[in-house]
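A.B. asks: Take a look at this one; I'll ask things after.
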Amino acid sequence: MAVPLWSPSKERVKATNMYRYMNFVNGKYGRDLKDYDSLYRWSVDNISDLWASVWEFVGVRASSGFDQVVDDPDKMPGARWFTGARLNFAENLLRFNDDSVAIIFKSEGRHAVKMTYRELNNEVARVAAALRDAGVGQGDRVAGLMPALPQVVIAMLAAVSLGAVWSSSSPDFGVRGILDRFSQIGPKVLFAADGYFLEGRQHDSLEEVAFIMEQLSSIEKVVLTPYAEAEPDIGNLRDAVLFDEFKSTEDNLVIEFEQLPFEHPLYIMFTSGTTGPPKCLVQSAGGILLTHLKESVIHTDLKRDDVILYLTSCGWMSWNWLVSSLAVGAGVVFYDGSPFYPHPGALLEMAQDEKITMFGTSARYFETLMNKGVKPGSEYDLSPIRTVLSAGSALSSKGYEFLYKEMKDDIWLVEMSGGTDINGNFVLGNPMGPVYAREIQCRGLGMKVEAFNDDGKPCTNEKGELVCLAAAPSMPIYFWDDPDNKKYLAAYFDRWPGVWRHGDYILINERGGIVIYGRSDTTLTAGGGRIGTAEIYPVVEHMEEIQDSLVIEQSWKDSVRVILFVQLSPGIELTEDLKEQIADRLKKDVTPAIIPAKIIAVPDIPYTLNMKKVELAVRKMVEGQPVLNKDSLRNPESLDYFADLKELH
């Protein structure tokens, strides 16, 4: 029987927002729910009551209440949410207006910059007034092309206060990747920065911004934030103005929050674009607000006295998720640059200095700390941290054990999984429950998630497709330029109409815990078995000789075979003896059914900008197929190595 790595004390359980919410539900609906299992079952059996109670519990600010929570929760896509309600997303995030710290920003080698809630409200008011004067109104698109600076938060809140639709991209996406995104939506105003920093190097963005302006005639003004340089030369930019010169000169302005329907568009999010043109997902203001507050307040136990960090860029949905923490009144921390520069513990040092209580990043970050031999708890004072958040890819069992051994033995580790598609999570944390190695604690409240077998039936303790059987408010209201919902239906409902098929390969165990095995479209089937790629990586990468790895199936002689690529540690050669060690380790710790036909050393492993390995793109390169949108990769040059490898002929 599995033994928990950590369990909350009774006192800690009773102090959680989840416990308080459970008692709120009991009182409001005459229930006697005593634990998360019973609360979850109630939530998926009573979806209207669930979301209505979340609305009340988190204190949504609205000028008009709702007539109906949802018309048909079984209708996907197309369920209508909170009809009659009128609200503004920015007003809910700016409900605090005092001298407590709202934003902490730090970049490589620079001191942290802090902004209070009063200062944030004032800045948003000044930028909103300027946008209104520039003719921005309801439905106009406003885009951000910036590092995770405070100015991008200000610009987003200002734009959506007017009813504009916000979309952002990270400047390291590359010009082609950015144009592939923004050219589809026609932004009216672009907020940009003159550059960014990464691993001690300054990157200039002015040429890229100028080229984007030339290509996108829809942009009437670019508002540039000086960041890399104190006084950047914007003479070559069309219709350009510096951020401080753009915003209104008046102080103490009152923000005029446009009151809009619950399903008014808020964000246009983009799929990764590594296997085709990025799809534009349009998500609603009310849906994102309710989902983010359900997750941050109830599932993540975020409170006003917290200081929360999530290592993310503006091109990853974690940025949108993190920004919503402002609605709780917490201190929200943004970081630009490499978390390992100028030394491997740079991010941990910031956590120490800023007394961060919620430390969020990717599984890859923690795996890298392990590989670099960093011992977080003994090298830094991390005593304020009570919660660690991990997302992006599955965290290995060794990763779980590392955090409890080397960071802190009394932390609550919250692994989350969902995605850009819903700007949230299907599975995530339960502050009232124990943590088991390599296991996400629970399915989210109101998220009717199952693992489907090949026959389309729910299964327990068996691997299957992650599906959702009921609608949720943050699901896209539509795809941009998809009037007949053809792209939307093809993306999620092609296999089982009316059932959201997310594309993850998972197992739900008897206690409701979830294990993610990777993307279902990269599941390995050679040899008659079925193994998720996430089962391979922790075993291989735990070996001292291996720095990173990637596994694919290659079409081969009317069948398929498994190919394992390894990035070796410095000074290591891929000998026949090392190949045998890798194969033996996989036979012992994973399965003898699926052993690589070839193990090949490569100089680098390609990743998306949100740190996910790109198995499908590598398979296309290996099989001589075109790979579109390489600019959506963090290291696009690494993909070229996989073309026409002689070892695979």
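A.B. asks: Out of the residues in the stretch 358-408 meeting the condition of being aliphatic (A, V, I, L, M) and closer than 20 Å to Pro4 by Cβ, tell me which one is modelled with the lowest pLDDT.
C.D. replies: The residue in question is Ala394.
A.B. asks: Which pairs turn up if I take residues in the stretch 60-73 that are touching a residue at least 12 places away in the same chain (Cβ under 8 Å) and look for partners that are of a type in the set (S, T, N, Q) and surrounded by 20 or more Cβ atoms within 10 Å (Cβ to Cβ) with beta carbon separation below 9 Å, at least 6 apart in sequence or on another chain?
C.D. replies: From the stretch 60-73, the pairs are Val60/Asn92; Arg61/Asn88; Arg61/Asn92; Ala62/Asn88; Ala62/Asn92; Ser63/Asn88.
A.B. asks: Taking Tyr537 as the residue in question, decide whether it is of a type in the set (Phe, Trp, Tyr) and part of a strand (DSSP E or B).
C.D. replies: So Tyr537 does not fit the description; no.
A.B. asks: Hey, can you tell me all the residues within the stretch 369-383 that are surrounded by fewer than 20 Cβ atoms within 10 Å (Cβ to Cβ) and either of a type in the set (D, E, K, R) or touching an Asp or Glu at 6+ places or on another chain (Cβ under 9 Å) (or both)?
C.D. replies: Met370, Asn371, Lys372, Lys375, Gly377, Ser378, Glu379, Tyr380, Asp381
A.B. asks: So, in the stretch 626-649, how many residues would count as being closer than 29 Å to Met317 by Cα and outside any helix (DSSP H, G or I)?
C.D. replies: Of the residues in that region, 7 qualify.
A.B. asks: Which strands (runs of 3 or more DSSP E) does the stretch 398-504 wholly contain that include 1 or more residues that are touching a residue at least 12 places away in the same chain (Cβ under 8 Å) and among the acidic types (Asp, Glu)? Don't jump to the end; show me each part of the working.
C.D. replies: Numbers: elements: 412-415, 417-419, 424-428, 449-452, 463-468.
In the stretch 398-504, the matching strands (runs of 3 or more DSSP E) lie at 412-415, 449-452, 463-468.
A.B. asks: Okay, moving on. Under 7 Å between Cβ atoms, at least 6 apart or on separate chains: pull out the pairs that start in the stretch 505-526 with a residue that is modelled with pLDDT under 85 and among the hydroxyl-bearing types (Ser, Thr, Tyr) and end on any residue that is assigned to a helix (DSSP H, G or I) and crowded, with 20+ Cβ neighbours inside 10 Å.
C.D. replies: Going by the 7 Å Cβ cut-off, the qualifying pairs are Thr522/Thr533; Thr522/Glu615.
A.B. asks: Give, as residue ranges, the strands (runs of 3 or more DSSP E) completely inside the stretch 240-342 that count at least 1 residues that are surrounded by 22 or more Cβ atoms within 10 Å (Cβ to Cβ) and in contact (Cβ under 8 Å) with a residue 12 or more places away in the chain. Full working, then the answer.
C.D. replies: Working: elements: 240-242, 265-270, 280-284, 307-310, 331-336.
Of the strands (runs of 3 or more DSSP E) lying wholly inside the stretch 240-342, those with at least 1 residues that are surrounded by 22 or more Cβ atoms within 10 Å (Cβ to Cβ) and in contact (Cβ under 8 Å) with a residue 12 or more places away in the chain span 265-270, 280-284, 307-310, 331-336.
A.B. asks: When both residues are 6+ apart or on different chains and their Cβ atoms are under 9 Å apart, which pairs have a first residue that lies in the stretch 128-147 and is over 23 Å from Thr312 (Cα atoms), and a second that is surrounded by 23 or more Cβ atoms within 10 Å (Cβ to Cβ) and hydroxyl-bearing (Ser, Thr, Tyr)?
C.D. replies: Correct list of pairs: Ala128/Ser161; Leu131/Ser161.
A.B. asks: Answer yes or no as to whether Ile599 is buried (at least 20 other Cβ atoms within 10 Å of the Cβ), of a type outside the set (Ser, Thr, Tyr), within 22 Å of Ser555 (Cβ to Cβ) and not assigned by TED's automatic domain parsing to the domain that holds Ser313.
C.D. replies: Taking the combined requirement at face value, the residue satisfies it.
A.B. asks: Continuing with the same structure: Which ones in the stretch 557-577 are touching a strand residue (DSSP E or B) at 6+ places or on another chain (Cβ under 9 Å) and of a type outside the set (Val, Ile, Thr)?
C.D. replies: Once the filter is applied, which keeps residues that are touching a strand residue (DSSP E or B) at 6+ places or on another chain (Cβ under 9 Å) and of a type outside the set (Val, Ile, Thr), the stretch 557-577 yields Arg561, Leu564, Phe565, Gln567, Leu568, Ser569, Pro570, Glu573, Leu574.
A.B. asks: Of the numbered conditions (1) of a type in the set (Ser, Thr, Tyr); (2) free of Cβ contacts under 8 Å to residues at least 24 places away in the same chain; (3) under 26 Å from Glu91 (Cβ atoms), Ser217 satisfies every one except a single condition; which is it?
C.D. replies: Of the numbered conditions (1) of a type in the set (Ser, Thr, Tyr); (2) free of Cβ contacts under 8 Å to residues at least 24 places away in the same chain; (3) under 26 Å from Glu91 (Cβ atoms), the odd one out for Ser217 is (3).
A.B. asks: Another one. Tally the residues that are under 28 Å from Tyr492 (Cα atoms) and surrounded by fewer than 18 Cβ atoms within 10 Å (Cβ to Cβ), restricting the search to the stretch 69-94.
C.D. replies: 7
A.B. asks: Can you tell me which residues in the stretch 1-34 are aliphatic (A, V, I, L, M) and in a loop (DSSP other than H, G, I, E, B)?
C.D. replies: If the condition is that a residue be aliphatic (A, V, I, L, M) and in a loop (DSSP other than H, G, I, E, B), then Met1, Ala2, Val3, Leu5, Ala15, Leu33 are the ones that fit.
A.B. asks: Restricting to the stretch 8-50, give me the number of residues that are surrounded by 13 or more Cβ atoms within 10 Å (Cβ to Cβ) and small (Gly, Ala, Ser).
C.D. replies: Total satisfying the criteria: 4.
A.B. asks: What are the residues in the stretch 503-512 that are within 23 Å of Asp37 (Cβ to Cβ) and either of a type in the set (Phe, Trp, Tyr) or crowded, with 21+ Cβ neighbours inside 10 Å (or both), if any?
C.D. replies: Applying the first criterion (within 23 Å of Asp37 (Cβ to Cβ)) to the stretch 503-512 yields 504, 506-512.
Listed by number, the residues that qualify are Asp504, Ile506, Ile508.
Residues checked against (1) buried (at least 19 other Cβ atoms within 10 Å of the Cβ); (2) on the phi < 0 side of the Ramachandran plot; (3) in contact with a helix residue (DSSP H, G or I) (Cβ under 6 Å, 6 or more places away or on another chain); (4) hydroxyl-bearing (Ser, Thr, Tyr):
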residue: Ile531; (1), (2), (3), (4): yes, yes, no, no
residue: Ile536; (1), (2), (3), (4): yes, yes, no, no
residue: Glu544; (1), (2), (3), (4): no, yes, no, no
residue: Gln547; (1), (2), (3), (4): no, yes, no, no
residue: Val551; (1), (2), (3), (4): yes, yes, yes, no
residue: Trp556; (1), (2), (3), (4): no, yes, no, no
residue: Val562; (1), (2), (3), (4): yes, yes, yes, no
residue: Ile572; (1), (2), (3), (4): no, yes, no, no
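The values are calculated or read from the model by the stated rules, or taken from the named source; none is laboratory data. What you see is a predicted model, and the numbers here were worked out from it, not measured in a lab. Glycine gets a Cβ as well: all are built from the backbone with ideal geometry, and neighbour counts include every protein chain shown.
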